[in-house]
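Visitor: This structure is in structure tokens; I'll ask about it shortly.
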Amino acid sequence: MLFPTSKIYIQKLSDDLFEQKQVSVSVLRLDQLHAIVSGNKLFKLHYFLELAAQQLKEGIVTFGGSYSNHLVATAFACKEIGIKSIGIIRGEQPKEISHTLKACIAHGMELKFITRQEYDQKEATDFLESINLSYPDFLIIPEGGYHPLGANGASLITDRIPSDTTHICCAIGTATTFAGLSKNLKNEQQLIGFPVLKNMNDIEKRVTFLSSLPYNEIQIQIINKYHFGGYAKKNNHLIESMNLIYEKHQLPTDFVYTGKMMTGVIDCISNGFFKKGSEILCIHTGGLQGNLSLEPGTLKF
Ligand SMILES: *Cc1c(COP(=O)(O)O)cnc(C)c1O
């Protein structure tokens, strides 16, 4: 890795519920990697950064919305390795830009705002070609690192997973991190994904593309019930659950990804989804800076 990973640790949670159900629950604290650029994003960028360095690129161009953790991570990583970064942002430039985009600028990223219509064509080949022409010496990374190289980087997370883990739980956005984790599953280990978008029914297709492997439906499960209304949507139940998790375990979560995943895992434990003796490892993918967009006082942390 291009970044020191020694701050990552595993936090074991204790709770009467887990004892009663005879399951063990731990959290892989990838959020500890960096205060702002936390979690899975630096892993996903790993091989892109290596490629940009090998090909002596001037910088990296990537895409995202106003609250994209991927953009901040890219800005930070590019600054660290001494190359430029350009962020193409969905939507007109607002009067007051988000905390996330301010962090991008602070890390030296140049922002370009494009209309939603233009943005929606970002996968289209002529759009990508036009970007290529505008920035010939830049490496282009798809939104969220959605590419087999991104999944390869995320698969490096597996090195941190104890071998007796029976269930790995992870939030799903683009599914790149999830696909990376799916590449190195041990025999009988289960990988459980919690999509944070509503009606995400193309995960199998995504994982197959990203992992370049046939979909392992015996070891991979998707639980679609904990999106709380959709991407970046929230309700009181989610916020209360995040506060409770913090009070009980001193575990901060973000409302877009890890709060939903943890709420889902605990609910599944209550429902008896995990059999006795399960060794559950939840991946804390970070994203805590996203909580800055909540009303102050919403969270107790
Ligand atoms: C981006 C992000 C995810 C989702 O990762 P994907 O690889 O896009 O599925 C999960 N958690 C956090 C905190 C993130 O920022």
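The values are calculated or read from the model by the stated rules, or taken from the named source; none is laboratory data. Because the structure is predicted, anything quoted here is derived from the model rather than measured. Glycine also receives a Cβ, built like all others from the backbone with ideal geometry; neighbour counts cover every protein chain displayed.
Visitor: In the stretch 203-236, what residues are more than 16 Å from the ligand (Cβ to nearest atom) and within 19 Å of Leu292 (Cα to Cα)?
Guide: Asn235, Asn236
Visitor: Then there is this: So which residues in the stretch 158-195 are surrounded by fewer than 23 Cβ atoms within 10 Å (Cβ to Cβ), part of a loop (DSSP other than H, G, I, E, B) and in contact (Cβ under 8 Å) with a residue 60 or more places away in the chain, if there are any at all?
Guide: Hits for the stretch 158-195 are Ile161, Pro162, Asp164, Thr165, Thr166.
Visitor: When you look at Glu118, is it part of a helix (DSSP H, G or I) and at pLDDT below 95, yes or no?
Guide: Values: part of a helix (DSSP H, G or I): yes; at pLDDT below 95: yes.
Against the criterion (part of a helix (DSSP H, G or I) and at pLDDT below 95), Glu118 qualifies.
Visitor: Which of the residues spanning the stretch 136-157 are buried (at least 18 other Cβ atoms within 10 Å of the Cβ) and either over 20 Å from the mean Cα position of the chain (by Cα) or without any contact (Cβ under 8 Å) to a residue 12 or more places away in the chain (or both)?
Guide: Phe138, Leu139
The rows are residues; the columns are (1) away from the ligand (no atom under 13 Å from the Cβ); (2) free of Cβ contacts under 8 Å to residues at least 12 places away in the same chain; (3) in contact with a Phe, Trp or Tyr (Cβ under 7 Å, 6 or more places away or on another chain).
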| site | (1), (2), (3) |
| --- | --- |
| Leu28 | no, no, no |
| Leu42 | no, no, yes |
| Leu49 | yes, no, no |
| Gly59 | yes, no, yes |
| Asn69 | no, no, no |
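Visitor: Let me ask something else. Mind listing whichever residues of the stretch 246-263 are under 19 Å from Ile168 (Cβ atoms) and away from the ligand (no atom under 13 Å from the Cβ)?
Guide: Within the stretch 246-263, His249, Leu251, Thr263 meet the criteria.
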